[in-house]
Amino acid sequence: MEGDDFVPDEVRSPQEIARRALALFGVVGLALGSPRSEVIEWLNDHNLHEALSPGELKFIKNQRPSSKQKINFSWQAERLTVLLWALNFVEQLPDADKQCDTRVFKLCIPPFSEQSVEQFISRAILRSENELWEEAERARDLHWQARDAQLNNRTPRDPVDIEVVQERHHAINWVTGYCGLDWDEVTTDT
């Protein structure tokens, strides 16, 4: 319909996802205790500051983030895992009831990997759209199971940690261009 603000879902480019992954790596690193000055310098040196979302930028600029802010941003490691999976850097996602192993990030993300930031972005290759859409559906279903079980005070059908799956659901929705929403605006409807 003409005049509607509907934006169709469209999978984002591998380069956009790679830049988002690098920016998020800096944010998660800061939340997990990396030296603030080093993270900011790395983001600035590689023009990744522009890839930060408004919420991330606010966190980065905060000289004294609260413990709660650090915890909330550290949970976004689960989002980063999904971005790396979408880019074929992670073979498969951990089970929905298991947190990701953040040590994996250093194996594939500069400055710790053997490739530069520029190579990481330019060589980025996405999984097939079919795989991405299947994962989006799986994340939505698992998230729904977890919410339904929580609301009805019962065990979900499949083993699932609601916090883990909510973060992963957010990331895959962004990857698949959920209503064209920006990173901070993506919803995780179930």
Checked Leu24, Leu43, Leu57 against criteria (in contact with a Lys or Arg (Cβ under 7 Å, 6 or more places away or on another chain) and either exposed (fewer than 14 other Cβ atoms within 10 Å of the Cβ) or not in a loop (DSSP other than H, G, I, E, B) (or both)); the one match is Leu24
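Among the residues of segment 154-190, count how many are basic (Lys, Arg) and either in contact with a Lys or Arg (Cβ under 9 Å, 6 or more places away or on another chain) or outside any loop (DSSP other than H, G, I, E, B) (or both).
In the first step, residues of segment 154-190 are kept if they are basic (Lys, Arg); the result is 154, 157, 168.
Retained after the next criterion (residues that are either in contact with a Lys or Arg (Cβ under 9 Å, 6 or more places away or on another chain) or outside any loop (DSSP other than H, G, I, E, B) (or both)): 168.
Result for segment 154-190: 1.
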If only one of Glu185, Glu78, Glu163, Glu167 is among the charged types (D, E, K, R) and without any contact (Cβ under 8 Å) to a residue 40 or more places away in the chain, which one is it? Glu185
In the set Asp182, Asp97, Asp161, Asp189, which member is exposed (fewer than 13 other Cβ atoms within 10 Å of the Cβ), at pLDDT 95 or above and of a type in the set (D, E, K, R)? Asp182
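Within segment 84-103, which residues are over 21 Å from Pro14 (Cα atoms), of a type outside the set (Asp, Glu) and part of a loop (DSSP other than H, G, I, E, B)?
Pass one, segment 84-103, residues over 21 Å from Pro14 (Cα atoms): 94-103.
Narrowing the set further to residues that are of a type outside the set (Asp, Glu) leaves 94, 96, 98-100, 102-103.
Listed by number, the residues that qualify are Pro94, Ala96, Lys98, Gln99, Cys100.
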In segment 60-89, how many residues are farther than 27 Å from Ile125 by Cα and surrounded by fewer than 17 Cβ atoms within 10 Å (Cβ to Cβ)? 11
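Within segment 105-153, which helices (runs of 4 or more DSSP H) (wholly inside it) include 2 or more residues that are surrounded by 18 or more Cβ atoms within 10 Å (Cβ to Cβ), free of Cβ contacts under 8 Å to residues at least 60 places away in the same chain and out of contact with any Gly (no Cβ under 7 Å at 6 or more places or on another chain)?
Values: elements: 105-108, 117-122, 129-151.
So the answer is 129-151.
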How about segment 73-93: which of its residues are more than 8 Å from the chain's Cα centre (by Cα) and not β-branched (Val, Ile, Thr)? Phe73, Ser74, Trp75, Leu84, Trp85, Ala86, Leu87, Asn88, Phe89, Glu91, Gln92, Leu93
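The values are calculated or read from the model by the stated rules, or taken from the named source; none is laboratory data. This structure is a prediction, so every number in the text was calculated from the model and none was measured. Using ideal geometry, Cβ is built from the backbone for each residue, glycine included, and neighbour counts are taken over all protein chains shown.
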